[in-house]
Amino acid sequence: GQLPTWLEGVLLRNGPGMHTIGDTKYNHWFDGLALLHSFTFKNGEVYYRSKYLRSDTYNCNVEANRIVVSEFGTMAYPDPCKNIFAKAFTYLSHTIPEFTDNCLINIMKTGDDFYATSETNFIRKINPQTLETLEKVDYSKYVAVNLATSHPHYDSAGNTFNMGTSIVDKGKTKYVLFKIPPSVPEKEKKKSCFKHMEVVCSIPSHSLLHPSYFHSFGVTENYIIFIEQPLKLDILKLATAYIRGVNWASCLAFHKEDKTWFHFVDKKTKKEVSTKFYTDAMVLFHHVNAYEEDGHIIFDIIAYEDNSLYDMFYLKNLVKDFEENNKLTSIPTCKRFVVPLQYDKDAEVGSNLVTFPSTATAIKEKDGSIYCQPEILCEGIELPRINYDYNTKKYKYVFATEVQWSPVPTKIVKFNVQTKEMLHWGEEHCWPSEPVFVPSPDAREEDDGIVLTCIVVSDPKQAPFLLVLDAKTFKELSRVTVNVEMHLDLHGIFIPEKDLKTETE
């Protein structure tokens, strides 16, 4: 096929790539050593490359020829030949774990730089053109966080916003929103942006020793949306996991009898909205988009009724008949919550405070809290992406992978949240990755542009390829076949040519 003539830049992707080191194997697919890969578009041609992230974790493991650094689903143990004192010391140092820098989930842009990210306090700078691994940054040197998401948000001024968890710091456990500026003042040119990181606000955890796990958060024009879900990390179990010989993932539990709390922080005042909003227990990884309309906050998320998704990706479950044998006990559901920020304070108990055409409700309870129920937009989609120019704005389109009762994506979809129409692309034996929308330079409408997705093929006779779809019609424009083994990845970004520093810079 033909590539659009305007398509110049790099599609950069990240995901777990190596699961066996020497005689040792990771327990979980999300633990594998990070493998970066990229497609560079230049003058109508495409170049592919891939490279392992040369993290400290990678270097230590490869040097020892076994797994020596623990990951979330795999606990690594020290050399049995070490003496008893060294062993005792290692046990102690694992209480608040020294986390891994195996940044395998996403790519984040900060100013002119790009970083591989995961969910620990470490990120690794990379060169998006050569995929070379550069310096390691530890968030916790600048703000008190032990964990951070790999789904940041960006504003029009170029600031990067992210959220992390601060575990029992000065007797409190809290969720911290922080901001990384795109550049530093002239007179401090030698310093990094991270020296100018600031905490925007913090939200106290409902429980000191059981903070909520979260993978992303939402933003509207004036608010930050944080969902405190009852999928919680048990800090005491975490502190003793190493001694007990279990992995950190076993310290995460879903409490289905608990509520899911919604927190809204005003960006200007940095204060949380005082009304308590909640919904039933659910598990979510991905926010889709959020915006404000008529005194309401509207936010769309992909939610589950339990945490079965994580368990499916233990490598012992990833066997030959994985697709047939593994069924999700809860299908991902795209839910829209409508939350009234301005409502009649004298409204009757039991009344619905949503004054906006929607099947979503917000019911006033006796104690003044508000119980929210969503509108179901659709089922069976994951890894949602939007045209990011419409982030925080009323929007129409979600690009996503389709997953039915099996966690393996089988199709790419374009879903219209307003009309509920859905377009599909799918082919036998094809497993698509997260679709990335790239707007055309003279875009007038939300879906003017293309969608890029890497396709892993389960038929050994066929080669993997990059698929280029017209975002409007969802018709195939071209496919770029790659004669290497491509892995299923997690997330990535498209970097337009203008955002790439030239080699000399």
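Please determine whether any residue of the stretch 249-265 is open to solvent by 60 Å² or more (accessible area, probe 1.4 Å), more than 20 Å from the chain's Cα centre (by Cα) and over 30 Å from Ser330 (Cα atoms).
No; the residues of the stretch 249-265 include none that is open to solvent by 60 Å² or more (accessible area, probe 1.4 Å), more than 20 Å from the chain's Cα centre (by Cα) and over 30 Å from Ser330 (Cα atoms).
Mind checking which residues of the stretch 83-112 are of a type outside the set (S, T, N, Q) and at pLDDT 95 or above?
Selection gives Cys103, Leu104, Ile105, Ile107, Met108, Lys109.
Considering the stretch 170-179 alone, what residues qualify as being over 20 Å from Thr110 (Cβ atoms) and either surrounded by 16 or more Cβ atoms within 10 Å (Cβ to Cβ) or among the hydroxyl-bearing types (Ser, Thr, Tyr) (or both)? Lay out the reasoning, then the answer.
We begin by selecting, within the stretch 170-179, every residue over 20 Å from Thr110 (Cβ atoms); these are 170-175.
Matches in the stretch 170-179: Thr173, Lys174, Tyr175.
Within the stretch 385-395, identify whether any single residue is assigned to a strand (DSSP E or B), acidic (Asp, Glu) and open to solvent by 50 Å² or more (accessible area, probe 1.4 Å), and answer yes or no.
No, the stretch 385-395 contains no residue that is assigned to a strand (DSSP E or B), acidic (Asp, Glu) and open to solvent by 50 Å² or more (accessible area, probe 1.4 Å).
Provide a single number: the residues in the stretch 398-438 that are more than 29 Å from Phe313 (Cα to Cα) and in a strand (DSSP E or B).
Within the stretch 398-438, the first condition is being more than 29 Å from Phe313 (Cα to Cα), and the residues that meet it are 416-421, 438.
Filter again for in a strand (DSSP E or B), leaving 416, 438.
Adding up the residues that qualify gives 2.
Residue-by-condition table, conditions (1) buried (at least 17 other Cβ atoms within 10 Å of the Cβ); (2) more than 20 Å from Pro409 (Cα to Cα):
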{"residue": "Met282", "(1), (2)": "yes, yes"}
{"residue": "His286", "(1), (2)": "yes, no"}
{"residue": "Asp294", "(1), (2)": "no, yes"}
{"residue": "Ile298", "(1), (2)": "yes, yes"}
{"residue": "Ile301", "(1), (2)": "yes, no"}
{"residue": "Tyr304", "(1), (2)": "yes, no"}
{"residue": "Tyr310", "(1), (2)": "yes, no"}
{"residue": "Leu318", "(1), (2)": "no, no"}
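Please specify each residue of the stretch 141-161 satisfying the condition of being of a type outside the set (Val, Ile, Thr), buried (at least 18 other Cβ atoms within 10 Å of the Cβ) and over 14 Å from the mean Cα position of the chain (by Cα).
Passing the criteria: Tyr142, Ala144, Asn146, Asn159.
With the requirement that a residue be among the hydrophobic types (A, V, I, L, M, F, W, C), closer than 17 Å to Pro409 by Cα and open to solvent by 20 Å² or more (accessible area, probe 1.4 Å), what does the stretch 448-500 give you?
Once the filter is applied, which keeps residues that are among the hydrophobic types (A, V, I, L, M, F, W, C), closer than 17 Å to Pro409 by Cα and open to solvent by 20 Å² or more (accessible area, probe 1.4 Å), the stretch 448-500 yields Val456, Val457, Leu488, Leu490.
When you scan the stretch 458-480, do you find a residue that is outside any loop (DSSP other than H, G, I, E, B), out of contact with any Leu (no Cβ under 9 Å at 6 or more places or on another chain) and not hydrophobic (A, V, I, L, M, F, W, C), even just one?
no
Inspect the stretch 133-140 for any residue being closer than 28 Å to Ile297 by Cβ and either open to solvent by 40 Å² or more (accessible area, probe 1.4 Å) or touching a strand residue (DSSP E or B) at 6+ places or on another chain (Cβ under 7 Å) (or both) and give the result as yes or no.
Yes, the stretch 133-140 contains at least one residue that is closer than 28 Å to Ile297 by Cβ and either open to solvent by 40 Å² or more (accessible area, probe 1.4 Å) or touching a strand residue (DSSP E or B) at 6+ places or on another chain (Cβ under 7 Å) (or both).
So, in the stretch 180-218, how many residues would count as being open to solvent by 60 Å² or more (accessible area, probe 1.4 Å) and not in a loop (DSSP other than H, G, I, E, B)?
Residues of the stretch 180-218 that are open to solvent by 60 Å² or more (accessible area, probe 1.4 Å), as a first pass: 183, 186-187, 189-191, 195, 198-199, 204, 206, 208, 210.
Still in the running and not in a loop (DSSP other than H, G, I, E, B): 186-187, 195, 198-199, 204.
Number satisfying all stated conditions: 6.
Which of (1) at negative phi; (2) at pLDDT 95 or above; (3) not in a strand (DSSP E or B) is the odd one out, the single condition Ile376 does not satisfy?
Failing condition for Ile376: (3).
Residues checked against (1) among the aliphatic types (A, V, I, L, M); (2) under 22 Å from Val403 (Cα atoms):
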position: Glu428; (1), (2): no, yes
position: Glu446; (1), (2): no, no
position: Gly449; (1), (2): no, no
position: Leu452; (1), (2): yes, yes
position: Ala471; (1), (2): yes, yes
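On the given criteria, is Lys270 at pLDDT below 95, at positive phi, open to solvent by 10 Å² or more (accessible area, probe 1.4 Å) and out of contact with any Pro (no Cβ under 6 Å at 6 or more places or on another chain)?
In short, yes.
The values are calculated or read from the model by the stated rules, or taken from the named source; none is laboratory data. It should be emphasised that the depicted structure is a prediction, and the values quoted were computed from it without experimental measurement. Cβ atoms come from the backbone with ideal geometry, glycine included; neighbour counts cover every protein chain shown. SASA here: full protein model, heavy atoms, side chains in, ligands and nucleic acids out. Shrake-Rupley method; radii C 1.70, N 1.55, O 1.52, S 1.80 Å.
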